[in-house]
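The values are calculated or read from the model by the stated rules, or taken from the named source; none is laboratory data. Worth saying up front: this structure is predicted, and the values here are computed from it rather than measured. In this analysis, Cβ positions are derived from the backbone assuming ideal geometry, glycine residues included, and neighbour counts consider all displayed protein chains. Quick note on the areas: whole protein, heavy atoms, side chains included, nothing else; ligands and nucleic acids left out. Shrake-Rupley method; radii C 1.70, N 1.55, O 1.52, S 1.80 Å.
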Amino acid sequence: MAGGGAAPPPKQEELQPHQVKDQLPSVSYCITSPPPWPEAVILGFQHYIVMLGTSVIIPSALVPQMGGGNEEKARVIQTLLFVAGINTLCQSFFGTRLPAVMGGSYTIVAPTISIILAGRYSNEADPHEKFLRTMRGTQGALIIASTIQIILGFSGLWRNVVRFLSPLSAVPLISLAGFGLYELGFPGVAKCVEIGLPEIILLLVFSQYLPHVIHVAKPVFDRFAVIFTIAIVWLYAYILTASGAYKNARPKTQVHCRVDRSGIISGAPWIRVPFPFQWGAPTFDAGESFAMMMASFVALVESTGTFIAVSRYASATMIPPSVLGRGIGWQGIGTLIGAFFGTANGTAVSVENAGLLALTHVGSRRVVQISAGFMIFFSILGKFGAIFASIPLPIFAALYCIFFAYIVSKLSMPLFAGACGLSFLQFCNLNSFRTKFIVGFSFFMGLSVPQYFNEYTSVAGYGPVHTGARWFNDMINVPFASKPFVAGLIAYFLDNTIQRRDNGVRRDRGYHWWDKFRSFKTDTRSEEFYSLPFNLNKFFPSV
């Protein structure tokens with residue numbers, strides 16, 4: 001038989017890596033495409049519930065140390081929510097225009113505690129008067145500190161810094177914005193494990209398993225998982241409280257487990273509109289202002305990473321440096337507004353709400369604007385808002401276990417705020433030893449250095465830098481206790497100094513992928529996602 005050989009087997013399809021994506025696929029509603037109004041309102045309420053955690057935890061930690069009672073705590077929580085609503089609207093309309101919820105900042109807590117412990121307040125015998133004096137001192141420091149964000153943002157200085165940010169140096173910064181808050185996760189759950197652990201399990205079941213087991217026309221279980229699970233666990237916690245399960249428990253256990261021990265509902269007024277300088281005229285101290293300015297700068301760096309994560313989860317393109325600078329400027333205005341109203345805290349992008357964008361696959365700007373409406377509404381109707389604010393804190397800690405993780409990895413399936421950071425490795429050459437070193441070293445030092453600073457402080461009662469000037473100590477100890485700040489600083493420095501001019505290195509670090517987004521006008525999609533409303537771009541053009 002002529003040509004008697006058998007036909008060769010068909011060539012096996014060659015394996016190909018996953019395609020690089022400028023915009024995140026599989027997002028149901030992106031930044032400019034809002035869901036139907038009923039769904040948008042429920043999603044907005046869900047964002048409001050999620051951001052309550054930080055809004056309650058920070059005042060609950062600070063106000064008692066300042067000398068305030070339940071009434072002062074409830075009023076500070078109301079004020080923080082009111083200001084958060086205003087700042088979220090300002091950011092979504094005039095700042096980055098991203099669906100970013102602007103809430104309290106954990107970074108500002110350390111210098112605030114330093115102000116509380118200042119000698120000029122410790123001799124005050126009347127607790128209420130001590131609270132007022134401490135609050136006024138905090139207001140003064142925050143007013144001065146807000147200027148660093150305003151100047152860096154609106155002057156264009158921060159824009160020029162961000163231009164040198166590559167996907168490689170962005171990975172540690174964004175990842176540790178989520179991973180770096182791990183101490184707020186399971187340690188908070190363990191304070192009342194019988195409430196916190198069921199919340200984690202139910203949230204995983206509702207968001208990751210039920211959608212693939214029970215098929216419905218529209219995504220329901222994953223999109224509204226937070227509302228479903230909080231309602232179930234909150235009811236369960238109420239039943240435990242009403243049945244006397246914690247009747248003989250330790251006071252600390254009762255505070256974390258019972259639904260009637262927060263003191264927020266009894267301390268909240270029925271109707272009250274927060275107003276500027278409600279605690280009196282701010283007072284100023286140079287040392288406290290310097291320390292707060294450094295904390296404000298650290299919060300700026302952390303928010304930069306979270307803004308980038310939000311742009312990814314909103315299925316927008318990489319945020320242009322000029323738009324990011326504009327957003328940082330408005331964050332500074334937000335800190336200034338908070339200082340005027342007396343929140344005892346600054347303003348930063350909410351990491352947990354960025355994680356919620358990933359969980360719901362909804363990155364709509366309108367949803368976040370609706371959530372800002374809920375913040376303002378429930379902050380004025382004090383008693384009603386206090387009901388939601390009295391949700392046991394271990395439930396919020398359980399949410400953090402999921403949402404902070406989302407910012408970190410975002411590899412093939414969005415489950416992890418730190419997950420989004422790792423997704424930018426798709427633009428880098430992971431076979432490069434340079435890439436491996438920078439990522440590994442910055443991650444390790446970003447976790448190890450703050451761990452040293454925090455351990456030292458917990459044992460000694462003060463940070464490693466301990467001089468007679470408390471403000472100087474804070475200027476050094478606060479930034480080096482921030483995981484995203486340390487990791488981002490190291491990665492940014494190494495990435496811009498090691499073999500920077502090598503053309504091959506430029507591709508290894510993924511710098512070329514973001515070239516078209518370094519100017520507002522070089523990519524047509526920037527106009528769609530980030531242009532100002534009401535034709536304001538004519539008066540405030542982006543570059």
Problem - Single match in Gly140, Gly119, Gly95 (criterion: out of contact with any Leu (no Cβ under 7 Å at 6 or more places or on another chain) and surrounded by 24 or more Cβ atoms within 10 Å (Cβ to Cβ)) - result: Gly95
Practice task
Check whether at least one residue in the stretch 104-123 is modelled with pLDDT under 95 and farther than 29 Å from Phe480 by Cβ, and report yes or no.
Solution key: yes
Exercise for the section: Determine, yes or no, whether Leu447 is open to solvent by 50 Å² or more (accessible area, probe 1.4 Å), at pLDDT 85 or above and among the aliphatic types (A, V, I, L, M). Expected result: yes
Exercise for the section: Go through the stretch 168-218 and count every residue that is closer than 30 Å to Arg258 by Cα, under 20 Å from the mean Cα position of the chain (by Cα) and part of a helix (DSSP H, G or I). Expected result: 11
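Yes or no, residue by residue, for (1) open to solvent by less than 70 Å² (accessible area, probe 1.4 Å); (2) farther than 29 Å from Phe396 by Cβ; (3) of a type in the set (A, V, I, L, M, F, W, C):
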{"residue": "His128", "(1), (2), (3)": "no, no, no"}
{"residue": "Met135", "(1), (2), (3)": "yes, no, yes"}
{"residue": "Phe154", "(1), (2), (3)": "no, yes, yes"}
{"residue": "Leu184", "(1), (2), (3)": "yes, no, yes"}
{"residue": "Lys191", "(1), (2), (3)": "no, no, no"}
{"residue": "Leu202", "(1), (2), (3)": "yes, no, yes"}
Handout entry: Close pairs (7 angstrom Cβ cut-off, 6 or more residues apart or separate chains): under 24 Å from Val439 (Cα atoms) in the stretch 510-522, modelled with pLDDT of 90 or more and surrounded by fewer than 18 Cβ atoms within 10 Å (Cβ to Cβ) anywhere
Key = Arg518/Arg163
Problem - Single condition Ile195 does not satisfy, out of (1) of a type in the set (A, V, I, L, M, F, W, C); (2) surrounded by 15 or more Cβ atoms within 10 Å (Cβ to Cβ); (3) out of contact with any helix residue (DSSP H, G or I) (no Cβ under 8 Å at 6 or more places or on another chain) - result: (3)
Practice task
Hey, can you tell me all the residues within the stretch 229-248 that are over 28 Å from the mean Cα position of the chain (by Cα) and closer than 19 Å to Ser60 by Cβ?
Solution key: Thr241, Tyr246
Problem - Pairs with Cβ under 9 Å, 6+ apart, first in the stretch 235-248 and closer than 18 Å to Pro394 by Cβ, second in a loop (DSSP other than H, G, I, E, B) and open to solvent by 90 Å² or more (accessible area, probe 1.4 Å) - result: Thr241/Arg261; Tyr246/Arg261
Exercise for the section: Would you confirm whether any residue within the stretch 486-499 is more than 20 Å from Ile174 (Cβ to Cβ) and open to solvent by less than 30 Å² (accessible area, probe 1.4 Å)? Expected result: no
Completion exercise
When restricted to Tyr492, Tyr511, the only residue among the hydroxyl-bearing types (Ser, Thr, Tyr), within 28 Å of the chain's Cα centre (by Cα) and farther than 27 Å from Trp330 by Cβ is Tyr511
Handout entry: Of all residues making up the stretch 456-474, the number that are open to solvent by 60 Å² or more (accessible area, probe 1.4 Å) and small (Gly, Ala, Ser)
Key = 3
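Quick check: is even one residue across the stretch 329-340 under 24 Å from Tyr29 (Cα atoms), touching a helix residue (DSSP H, G or I) at 6+ places or on another chain (Cβ under 7 Å) and open to solvent by 10 Å² or more (accessible area, probe 1.4 Å)? Don't jump to the end; show me each part of the working.
Of all residues in the stretch 329-340, those under 24 Å from Tyr29 (Cα atoms) come to none.
Within the stretch 329-340 (the criterion being under 24 Å from Tyr29 (Cα atoms), touching a helix residue (DSSP H, G or I) at 6+ places or on another chain (Cβ under 7 Å) and open to solvent by 10 Å² or more (accessible area, probe 1.4 Å)), the answer is no, since none of the residues qualifies.
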Completion exercise
Of the residues in the stretch 273-308, those that are open to solvent by less than 10 Å² (accessible area, probe 1.4 Å) and in contact with a Ser or Thr (Cβ under 9 Å, 6 or more places away or on another chain) come to Pro274, Ala291, Met292, Ala295, Ser296, Val298, Ala299, Ser303, Gly305, Thr306, Phe307
